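The values are calculated or read from the model by the stated rules, or taken from the named source; none is laboratory data. Everything quoted here is computed from the prediction, not taken from an experiment. Because the Cβ atoms are built from the backbone with ideal geometry, glycine has one as well, and the counts that use them run over all protein chains shown. Each accessible area value is taken on the protein alone, full model and side chains, heavy atoms only, with ligands, DNA and RNA left out. Shrake-Rupley method; radii C 1.70, N 1.55, O 1.52, S 1.80 Å.
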Amino acid sequence: MAVAAPSPAAAAEPGPAARPRSTRGQVRLPGGEFAMGDAFGEGYPADGETPVHTVRLRPFHIDETAVTNARFAAFVKATGHVTDAERFGSSAVFHLVVAAPDADVLGNAAGAPWWINVRGAHWRRPEGARSDITGRPNHPVVHVSWNDATAFARWAGKRLPTEAEWEYAARGGLAGRRYAWGDELTPGGRWRCNIWQGRFPHVNTAEDGHLSTAPVKSYRPNGHGLWNTAGNVWEWCSDWFSPTYYAESPTVDPHGPGTGAARVLRGGSYLCHDSYCNRYRVAARSSNTPDSSSGNLGFRCANDAGLTYGSAAE
């Protein structure tokens, strides 16, 4: 899970102006009904993955992949956007990948000592001052807050997906399955997602090929053509988070509670492991405050599509 950064000294600056609607890099999904939530009883009670409930969605578009370093760099170049991590002056980096002078190591996160608060860590320098994103243009951008993701989406002519849209898309057309590809984690002995193997948090055997982030088109896409909806990086959704929301959620196009303290995160990350965080399941949920950032927080965007349920028309 991600950890919260300290509040900034000044309020965030106004975001970039909205651009015309764009479906660049997106797939169009027909919407319709699906069963949302954990049908296996494997979720954490505090996450509120139950009850399983029927949701009906209008058609929508969603990005094939998480937003990449290259795409986020284009946004920053065009707008001059300064991320929350840059304004805070530090962000959370996993302890095995820190690349920073000792003076930049500001301490461990309470309750999660594998997270190190590193001065100068942000999207361009994801492991600290001695790192950069050279050679990683197609990796997911990280150290982005919900505020940053929303600003990018506005600039790109898109929006963040609702939590219901995210789960429907991540399921890839498979009803009631544990993962985006079925019920078995490693079918045929092959890894289908970028998560932790070994003994968390000290030994990662990297059997899936990656210690930290993987390129956004790693492994196989799901049945809807989406890549890496399990593991790699947590993805922000538009909704406020509530652990009791499923019991009162509208059946048609739910958008989350009207208010809250944290925003929904979906998909898990390269740090998830069944010993402490099995949130790479397709029903799994988490959350964090809108200004939080860390080395495993990213996002993908969505967009409106047709006006009628199941319609193929724009």
Exercise for the section: Give the accessible area for residue 119 in Å² (nearest 10); use a 1.4 Å probe, count only protein heavy atoms, and leave out ligands, DNA and RNA. Expected result: 100
Exercise for the section: Give the share of C-alpha pairs in each 20 angstrom bin for the chain, from 0 to the last occupied bin, in whole percents, shortest bins first. Expected result: 35, 60, 5
Problem - Taking the chain and dividing mean pair separation by its residue count, relative contact order in percent (alpha carbons under 8 Å, at least six apart) - result: 28
Exercise for the section: Treating only the Cβ atoms of Lys and Arg (+1) and Asp and Glu (-1) as charged, compute the dipole magnitude of the chain about its Cα centre; round to the nearest 20 debye. Expected result: 820
Practice task
May I ask you to work out the translational diffusion coefficient for the stretch 176-314 at 10 °C, viscosity 1.306 mPa s, via Stokes-Einstein with Rh from the Kirkwood sum over Cα pairs, reported in whole µm²/s?
Solution key: 96
Exercise for the section: Please pull out the direction-averaged projected area of the stretch 77-137, using the convex hull of its alpha-carbon atoms, in nm² to one decimal place. Expected result: 4.7
Completion exercise
Taking the reciprocal of mean 1/r across every pair of different Cα atoms in the stretch 70-207, the Kirkwood radius in Å is 17.5
Exercise for the section: Sum -39500 (n - 2.57) across every DSSP H segment of at least 4 residues in the chain, then divide by the residue count to get the 222 nm mean residue ellipticity, nearest 500. Expected result: -3000 deg cm²/dmol
Practice task
Would you please give the residues with an amide H less than 5 Å from that of residue 122, counting only those at least 5 places away or on a separate chain, with H modeled from the backbone geometry?
Solution key: 128
Exercise for the section: Would you work out what percent of the accessible area of the chain, with all protein chains in place, is carbon or sulfur (probe 1.4 Å)? Expected result: 52
Exercise for the section: Calculate, for the chain, the solvent-accessible area per residue in square angstrom, rolling a 1.4 angstrom probe over the heavy atoms of the protein chains. Expected result: 41
